[in-house]
1. Specify the inter-centroid distance of the stretch 67-111 and the stretch 121-148, based on alpha-carbon positions, in whole Å.
2. In degrees, nearest 10, range 0 to 90: what is the angle between the Cα axis of helix 93-110 and the longest Cα principal axis of the chain?
3. Starting from the residue with the highest accessible area, list E143, E90 in decreasing order, probe 1.4 Å.
4. Cross-link candidates for K140: which lysines have Cα within less than 16 Å, leaving aside residues fewer than 8 places away along the same chain?
5. What aspartates and glutamates could a cross-link reach from K73, if we take a straight Cα to Cα line under 20 Å and drop same-chain neighbours fewer than 8 places away?
6. Dipole magnitude of the chain about its Cα centre, charges +1 at Lys/Arg Cβ and -1 at Asp/Glu Cβ only, in debye to the nearest 20?
7. Would you please report the Å³ per residue occupied by the convex hull of the alpha carbon atoms in the stretch 95-154?
8. Efficiency by 1/(1 + (r/R0)^6): what FRET value for Q88 and H57, r their Cβ-Cβ distance, R0 = 30 Å, to the nearest 0.05?
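The values are calculated or read from the model by the stated rules, or taken from the named source; none is laboratory data. Since this is a predicted model, take the numbers as computed values, not measurements. Here the Cβ is made from the backbone with ideal geometry for all residues, glycine too, and neighbour counts use every protein chain on show. Calculation scope for accessible area: heavy atoms of the full protein, side chains included, ligands and nucleic acids excluded. Shrake-Rupley method; radii C 1.70, N 1.55, O 1.52, S 1.80 Å.
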Amino acid sequence: MSKYDATQLPGADVLARQRYAVIVADWNSEITYAMAQGAVDTFLQHGVPEENIDIVHVPGTVELTYGAARLMKEERIDAVVVIGCVIQGETPHFDYVCQSVTQGVAALNALGKVPVIFSVLTVLNQQQALDRCGGKLGNKGVEGAYTAIRMANL
């Protein structure tokens, strides 16, 4: 179960005026869609209106950076949560994908315009991913939404 201190969040009156984006990779959708639902449910639970939550799908984890950059240009988003899942295989592809998205999100955050929250699982196997998308280790999408709210309200 994902745990966080809800007292650290602003009230629903503040969140009712904010917009959030969830960008979700379609690759490993069994994992990423569960994480995205956790993020959306968390925003709704704390008072963000459904119409103030944009959900954007991209093909894979590498494309998350581009999706976030496009949404940031709209200047109506208070924070972006990028959700992906990369499971290590037998080739170095895992390393390249993880490095690309990590550096991309870091570069977007360095711009200082809109917080981009890294909710990308980088795991060794399917079970580790399942444990983190609503399993015994909680839902990292929930934690991403919590972090997005905190960062949007610094």
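1. Result: 16 Å between the Cα centres.
2. In the chain, helix 93-110 runs at an angle near 20 degrees to the longest axis.
3. Output order, biggest surface exposure first: E90, E143.
4. The qualifying lysines are K3.
5. Correct list for K73: E51, D54, E63.
6. Numbers: 11 positive and 16 negative charges, 64 e Å.
With Lys and Arg at +1 and Asp and Glu at -1, about 300 debye.
7. Dividing the Cα hull volume of the stretch 95-154 by its residues yields 68 Å³.
8. 0.80
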